[in-house]
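Visitor: There's a structure below that I have some questions on.
The values are calculated or read from the model by the stated rules, or taken from the named source; none is laboratory data. Owing to the predicted nature of the structure, the values given are computational and were not obtained by experimental measurement. Here the Cβ positions follow ideal geometry from the backbone for every residue, glycine too, while neighbour counts run over all protein chains shown.
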Amino acid sequence: MRISNFLENDDIKVIAQNGPFKVAEWQRDLSVPYGGAIAAYFAAEMGVRRRQLVCELDGRVGVTLQAGAMQWTAGDVRATTGVKGVGDFLGKALRGSVTGESAIKPEYVGSGVIVCEPTYRHILLMSPRAEMGGTMVINDGLFMACTADIRHRAIMVKRPSAVVAGNEGLFNLGLEGDGVVALESPVPASELAVVDLDGDELKVDGNFAIAWSESLEFSVERSGKSLVGSAVSGEGLVNVYRGRGRVLLSPVASLTENPNAGSGEV
């Protein structure tokens, strides 16, 4: 099998690589119509470019993708459900219902190449154990792919009553293992603030955390010790992280969406 005019194309640059994953970034978007050329040019100058996750399978370790993420495959690549029995199915269905993620994520095995749908968001390639000290908890809607040796868990937020009041999810997706995880992020890795807590406390007013260590206690609380104090501060409820571990913070909300992602237009 030979694939031409793809990763070696002059308009494509591989900007990151980890394990079986590569991030291909289109330096110029030549698919835009005449009227959108000016906007596309200045968008590219500001780093707003289409990116695609490329997975290269070697026949040993498969990859798990978010449902609907695959654009095309080449080679002896087979899609499976990744379900190992009735108990595994029920566990995945329950986890999907509480985390907001798709219950069944397709697992691809074999030898060949998988190319994912393009996105204008940034793609982060991370190792939960090496970079987050163990299990990595991620915010809703950020999961894109991972190697099949990564285990998925639903992790409950502390203080459910405050979660409901703060319009936060009750569960987050936890990822653990020595493999590699691909996340969609509103900003590149270079713009993420890395906060390492050593028995400290971090309060965040908004949905700005991309990921954090499971070793941290995560809760949603009032910004002040009383209702009056919270009203005076003007912050209301905040996300609180306590203990020892790492938090990755984005300067913009992690659920920010680009309405033109994948459309070929900027």
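Visitor: Scan the range 173-198 for residues that are touching a Gly at 6+ places or on another chain (Cβ under 7 Å) and either in a strand (DSSP E or B) or of a type in the set (Lys, Arg) (or both) and jot them down. Walk me through how you get there before you give the answer.
Guide: First, the residues of the range 173-198 that are touching a Gly at 6+ places or on another chain (Cβ under 7 Å): 176, 179-180, 197.
Glu176, Leu197 - these are the residues of the range 173-198 that are touching a Gly at 6+ places or on another chain (Cβ under 7 Å) and either in a strand (DSSP E or B) or of a type in the set (Lys, Arg) (or both).
Visitor: Moving on. Scan the range 126-147 for residues that are crowded, with 19+ Cβ neighbours inside 10 Å and farther than 20 Å from Asp196 by Cβ and jot them down.
Guide: Residues satisfying the conditions are Leu142, Phe143, Met144, Ala145, Cys146, Thr147.
Visitor: While we're looking at this one, here's another question. Which residues, counting only those in the range 20-48, are modelled with pLDDT of 95 or more and assigned to a loop (DSSP other than H, G, I, E, B)?
Guide: Pro20
Visitor: Tell me yes or no: at least one residue of the range 211-230 is modelled with pLDDT of 90 or more, assigned to a strand (DSSP E or B) and of a type in the set (S, T, N, Q).
Guide: Yes, the range 211-230 contains at least one residue that is modelled with pLDDT of 90 or more, assigned to a strand (DSSP E or B) and of a type in the set (S, T, N, Q).
Visitor: Now, a different point. Just the residues that are at pLDDT below 95 and of a type in the set (Ser, Thr, Tyr), please, taken from the range 95-119.
Guide: Ser97, Thr99, Ser102
Visitor: Right, next: Tally up the residues in the range 177-201 that are more than 14 Å from the chain's Cα centre (by Cα) and surrounded by 20 or more Cβ atoms within 10 Å (Cβ to Cβ), please.
Guide: Of the residues in that region, 1 qualify.
Visitor: Tell me which of these Asn9 doesn't satisfy, since it passes every other one: (1) within 23 Å of the chain's Cα centre (by Cα); (2) in a loop (DSSP other than H, G, I, E, B); (3) of a type outside the set (Val, Ile, Thr).
Guide: (1)
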